[in-house]
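J.: One structure, as structure tokens, below. Some questions next.
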């Protein structure tokens, strides 16, 4: 199965929520509360004490989220050979290796531990506006946090605003955003993702 499509984007880099405030839990919208809960890969119960020890003295809101972002980026060493489909956020914290989903799971979990709603995202991320990565392209994972009444896109693996991010799905964790679901035995024969800028687009 193959697919090919064009998506129009503003061409502008993402904007960090500098100065954004964190809501008290009691002031959060009802539909956001679920993104404070633990989930299959975001095992908050195993990281809550660690999170408060590390980030409890950091100012709430964007400074705390930024600290979590930087910590996660520095904590995990990226490598495709580290990919594992059953690694939880706590295991990523302990093992200190992983792929983009592990960065996202750990950042999401640490945010939730600090009462900051966070949700897992997956989609495409081409090398637009940055030096090309020689590694084969793949689906990408990042996350969003809820501050100042809005969701904001963040990426703990790359840890910088990007251009042309294409969202496919959001959820509590990777369970909600699987690239495929199979009932019975299924063998992946080949997997190729290409996301690139169309220089001819107007």
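J.: Tally up the residues in segment 15-44 that are exposed (fewer than 11 other Cβ atoms within 10 Å of the Cβ) and either touching a residue at least 24 places away in the same chain (Cβ under 8 Å) or within 22 Å of residue 58 (Cα to Cα) (or both), please.
T.: 6
J.: Answer yes or no: is there a residue in segment 98-108 that is outside any loop (DSSP other than H, G, I, E, B), surrounded by fewer than 16 Cβ atoms within 10 Å (Cβ to Cβ) and touching a residue at least 12 places away in the same chain (Cβ under 8 Å).
T.: No, that holds for no residue.
J.: Next question. Considering segment 168-194 alone, what residues qualify as being within 18 Å of the chain's Cα centre (by Cα), outside any strand (DSSP E or B) and in contact (Cβ under 8 Å) with a residue 24 or more places away in the chain?
T.: If the condition is that a residue be within 18 Å of the chain's Cα centre (by Cα), outside any strand (DSSP E or B) and in contact (Cβ under 8 Å) with a residue 24 or more places away in the chain, then 172, 173, 174, 175, 176, 177, 179 are the ones that fit.
J.: A further question follows. All but one of (1) within 16 Å of the chain's Cα centre (by Cα); (2) surrounded by fewer than 16 Cβ atoms within 10 Å (Cβ to Cβ) hold for residue 88; state the number of the condition that does not hold.
T.: It fails just one condition, (2).
J.: Identify the single condition in (1) over 30 Å from residue 60 (Cβ atoms); (2) at pLDDT 95 or above that residue 191 does not satisfy, given that it satisfies every other one.
T.: Evaluating residue 191 over (1) over 30 Å from residue 60 (Cβ atoms); (2) at pLDDT 95 or above leaves (2) as the failure.
J.: Quick one: which residue in 39, 60 is out of contact with any helix residue (DSSP H, G or I) (no Cβ under 9 Å at 6 or more places or on another chain) and not in a helix (DSSP H, G or I)?
T.: None of the other options fit; the residue is 60.
The values are calculated or read from the model by the stated rules, or taken from the named source; none is laboratory data. Everything numeric in this text was worked out from a predicted model, so none of it was measured. In this analysis, Cβ positions are derived from the backbone assuming ideal geometry, glycine residues included, and neighbour counts consider all displayed protein chains.
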